[in-house]
Amino acid sequence: MNEYLPVVYISVLLVLLSATALFLFRQIFKTRRVESTFSRLQKKLQKEKGTAKDYYELGSLYLDKKLYVQSINLFQKALKADNEVEPENKALVYNALGYAYYAQEQYEIAIRNYKEAIKLYPEYVIALNNLANVYAKKQMTAKALETYEETLKIDPNNSIAKRRAESLRKRFVESK
């Protein structure tokens, strides 16, 4: 038994190192792909007027990097870029704008943008969840609960809305 211990130890170590190397390579390739897209879009938009999709993509990359002011500017350009943008796609832009404002704790502007997204695409569950989240953050418990319940009417299996609505119901009952 003792003679197999070093082989087992080295095998386990090799498997762990291989898994770590695989994970690292995937992360490196993913980061390189994101950064090349970022660079390509920046260069393109410096040279020429882009499409709404280009502005939205670059704005989303800035949002991922937590550069909210730059992302807001790009999202606003996306809304102005094409008049031919479908309502569902405009709703995506308004939702992203809402998130950027929410991240900067500008809740009133975030609410306006989320509502605009929902007006364009009433069944946009992510925007509804985000709106309810802002309401909860502003201590508007009744509005938040109502919005989460609206989300659950559209998507009864939405785990975020289920969990948060249940939490708000408990808080609502305790406060009475």
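Quick notes on this structure:
- Anisotropy class of the range 22-176 from Cα gyration tensor, a/c 1.5 cut: prolate
- Computed [θ] at 222 nm, deg cm²/dmol, the chain (DSSP H ≥ 4; -39,500 (n - 2.57); rounded to nearest 500): -28000 deg cm²/dmol
- Loop-located GluC sites (Glu not before Pro) in the range 59-154, at most 11 other Cβ atoms within 10 Å (DSSP): E84, E105
- Cβ charges +1 (Lys, Arg) and -1 (Asp, Glu), total dipole of the chain, debye: 400 debye
- Pairs of Cα atoms farther than 15 Å apart, the range 109-176, %: 46 percent
- Tilt relative to the chain, helix 68-81 - C-alpha long axis, 0 to 90 degrees, to 10: 60 degrees
- When the range 48-107 is described by a simple charge dipole with +1 on each Lys and Arg Cβ and -1 on each Asp and Glu Cβ, the residue from A81, Q70, N95 located farthest towards its positive end is Q70.
- Normalised by the number of residues in the chain, the average gap of Cα pairs under 8 Å and 6 or more apart makes the relative contact order 11 percent.
- Placing +1 on the Cβ of every Lys and Arg and -1 on the Cβ of every Asp and Glu, with no other charges, gives the range 1-48 a dipole of roughly 600 debye about its Cα centre.
- Distance from the Cα centroid of the range 35-107 to that of the range 111-176 is 25 Å (rounded to whole angstrom).
- Dipole orientation for the range 117-161: of the candidates N157, T141, Y124, T141 has the Cα lying most toward the positive pole (charges on Cβ; Lys, Arg +1; Asp, Glu -1).
- Acute angle (nearest 10 degrees) that the helix 159-175 long axis makes with the longest principal axis of the chain, alpha-carbon atoms: 60 degrees
- Helix axis angle, 52-64 relative to the chain longest principal axis, alpha carbon, degrees: 60 degrees
- Semi-axis lengths, Å, the range 1-43, gyration tensor of Cα atoms, sqrt of 5 times eigenvalues: 41, 4, 4
- Quotient of the Cα radius of gyration of the range 19-85 and 2.2 N^0.38 Å, N being its number of residues: 1.31.
- Shape of the range 75-132, Cα gyration tensor, a/c cut at 1.5: oblate
A short reminder: the numbers here are calculations on the coordinates, not readings from a lab. Every value quoted in this text rests on a predicted model; they were computed, and no experiment measured them. Don't worry about glycine lacking a Cβ; one is built from the backbone with ideal geometry, like all the others, and counts go over all protein chains shown.
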